[in-house]
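One structure is given here, and the rest of the page talks about it.
The values are calculated or read from the model by the stated rules, or taken from the named source; none is laboratory data. Just so it is clear, the structure is predicted and the values come from calculations on it, not from any experiment. Every residue, glycine as well, gets a Cβ built from its backbone with ideal geometry; the counts of neighbours run over all protein chains shown. Side chains included, ligands, DNA and RNA excluded: accessible areas come from the protein's heavy atoms. Shrake-Rupley method; radii C 1.70, N 1.55, O 1.52, S 1.80 Å.
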Amino acid sequence: MLLVYLDENAMNENERQHCYVESAQLACDLDASGNFLAASPLHPTSTATSVRVRDQKPLVTDGPFAETREQLGGYYIIEAQDLDQAIAIAGRVPGARWGTVEIRPVMEIPGLPTR
(Lines give C-alpha, C1' and ligand atoms only; values in the text may rest on other atoms or scores of the structure.)
Protein backbone atom coordinates (compact mmCIF):
# COMPACT_ATOMS: atom_id res chain seq x y z
CA MET A 1 0.00 0.00 0.00
CA LEU A 2 1.26 3.44 -0.86
CA LEU A 3 0.01 6.02 1.65
CA VAL A 4 0.25 9.60 0.40
CA TYR A 5 0.85 12.17 3.14
CA LEU A 6 1.00 15.91 2.51
CA ASP A 7 -0.01 19.23 4.00
CA GLU A 8 -3.58 19.75 2.85
CA ASN A 9 -2.77 23.39 2.13
CA ALA A 10 0.40 22.70 0.14
CA MET A 11 -1.36 22.98 -3.22
CA ASN A 12 -3.62 25.61 -4.69
CA GLU A 13 -6.84 24.46 -6.39
CA ASN A 14 -5.29 24.36 -9.89
CA GLU A 15 -2.35 22.28 -8.63
CA ARG A 16 -4.75 19.96 -6.80
CA GLN A 17 -6.89 19.39 -9.90
CA HIS A 18 -3.78 18.75 -12.00
CA CYS A 19 -2.53 16.30 -9.35
CA TYR A 20 -5.85 14.40 -9.60
CA VAL A 21 -5.46 14.16 -13.39
CA GLU A 22 -1.87 12.93 -13.05
CA SER A 23 -2.88 10.48 -10.32
CA ALA A 24 -5.66 9.03 -12.49
CA GLN A 25 -3.19 8.64 -15.37
CA LEU A 26 -0.72 6.86 -13.08
CA ALA A 27 -3.52 4.51 -11.96
CA CYS A 28 -4.31 3.76 -15.63
CA ASP A 29 -0.62 3.13 -16.37
CA LEU A 30 -0.33 0.83 -13.35
CA ASP A 31 -3.49 -1.00 -14.42
CA ALA A 32 -2.06 -1.55 -17.90
CA SER A 33 1.13 -3.02 -16.39
CA GLY A 34 -0.78 -5.28 -13.98
CA ASN A 35 0.31 -3.39 -10.84
CA PHE A 36 -2.94 -1.57 -9.99
CA LEU A 37 -5.39 -2.86 -7.40
CA ALA A 38 -7.06 0.33 -6.05
CA ALA A 39 -6.49 4.04 -5.42
CA SER A 40 -8.39 7.04 -4.16
CA PRO A 41 -7.82 10.53 -2.81
CA LEU A 42 -9.39 11.36 0.55
CA HIS A 43 -11.53 14.33 1.48
CA PRO A 44 -9.87 16.92 3.79
CA THR A 45 -9.40 16.16 7.47
CA SER A 46 -12.13 18.72 8.24
CA THR A 47 -14.58 16.04 7.04
CA ALA A 48 -13.10 13.31 9.26
CA THR A 49 -14.76 11.70 12.25
CA SER A 50 -12.70 9.69 14.75
CA VAL A 51 -14.07 6.89 16.92
CA ARG A 52 -12.37 5.48 20.00
CA VAL A 53 -13.84 2.87 22.31
CA ARG A 54 -13.11 3.31 26.02
CA ASP A 55 -14.81 1.24 28.71
CA GLN A 56 -16.95 -0.35 25.96
CA LYS A 57 -18.32 3.09 25.00
CA PRO A 58 -17.61 4.79 21.68
CA LEU A 59 -16.14 8.28 21.87
CA VAL A 60 -16.87 10.15 18.64
CA THR A 61 -15.02 13.36 17.77
CA ASP A 62 -14.93 15.54 14.68
CA GLY A 63 -11.66 15.74 12.84
CA PRO A 64 -8.59 13.54 12.57
CA PHE A 65 -7.12 11.48 15.39
CA ALA A 66 -3.95 13.55 15.68
CA GLU A 67 -2.77 17.00 14.67
CA THR A 68 0.18 16.52 12.34
CA ARG A 69 2.16 18.54 9.83
CA GLU A 70 1.17 16.17 7.01
CA GLN A 71 -2.18 14.46 6.62
CA LEU A 72 -3.17 11.24 4.85
CA GLY A 73 -4.37 12.53 1.49
CA GLY A 74 -4.91 9.30 -0.41
CA TYR A 75 -3.66 5.83 -1.17
CA TYR A 76 -2.77 3.35 -3.87
CA ILE A 77 -2.94 -0.40 -3.42
CA ILE A 78 -0.49 -1.95 -5.81
CA GLU A 79 0.94 -5.32 -6.70
CA ALA A 80 4.75 -5.12 -6.61
CA GLN A 81 7.30 -7.88 -7.08
CA ASP A 82 9.54 -6.47 -4.36
CA LEU A 83 10.41 -3.33 -2.41
CA ASP A 84 12.52 -1.96 -5.25
CA GLN A 85 9.54 -2.05 -7.62
CA ALA A 86 7.29 -0.49 -4.93
CA ILE A 87 9.86 2.31 -4.46
CA ALA A 88 9.97 2.92 -8.21
CA ILE A 89 6.17 3.16 -8.35
CA ALA A 90 6.04 5.39 -5.25
CA GLY A 91 8.46 7.76 -6.97
CA ARG A 92 5.89 8.22 -9.75
CA VAL A 93 3.07 9.27 -7.38
CA PRO A 94 2.30 12.95 -8.09
CA GLY A 95 1.64 13.76 -4.41
CA ALA A 96 5.25 12.88 -3.59
CA ARG A 97 6.25 16.28 -5.02
CA TRP A 98 4.40 17.98 -2.12
CA GLY A 99 4.62 15.37 0.60
CA THR A 100 5.67 11.82 1.40
CA VAL A 101 4.67 8.42 0.07
CA GLU A 102 4.92 5.72 2.72
CA ILE A 103 5.20 2.14 1.47
CA ARG A 104 3.58 -0.45 3.74
CA PRO A 105 3.13 -4.15 3.01
CA VAL A 106 -0.47 -5.30 3.40
CA MET A 107 -0.90 -8.29 5.72
CA GLU A 108 -2.91 -11.25 4.58
CA ILE A 109 -4.77 -12.93 7.41
CA PRO A 110 -7.11 -15.90 7.28
CA GLY A 111 -10.83 -15.29 7.52
CA LEU A 112 -11.04 -12.08 5.51
CA PRO A 113 -13.49 -12.07 2.63
CA THR A 114 -12.02 -12.25 -0.86
CA ARG A 115 -13.45 -11.02 -4.12
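Could you calculate the contour length gain from ILE87 to LEU37, that is, 0.36 nm times the residue separation minus the distance between their Cα atoms, to one decimal place in nm?
Extra length available between ILE87 and LEU37 comes to 16.4 nm.
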Rg/Rh (Cα only; Kirkwood hydrodynamic radius) as it applies to the range 1-68: 1.10
Probe 1.4 Å, protein heavy atoms only - accessible area per residue of the chain in square angstrom: 74
Heavy-atom accessible surface of the chain: percent carbon and sulfur, 1.4 Å: 54
Förster radius 30 Å - calculated FRET efficiency between SER46 and ILE77, Cβ distance, rounded to 0.05: 0.75
The range 27-98: projected area of the alpha-carbon convex hull, averaged over directions, in nm²: 6.9
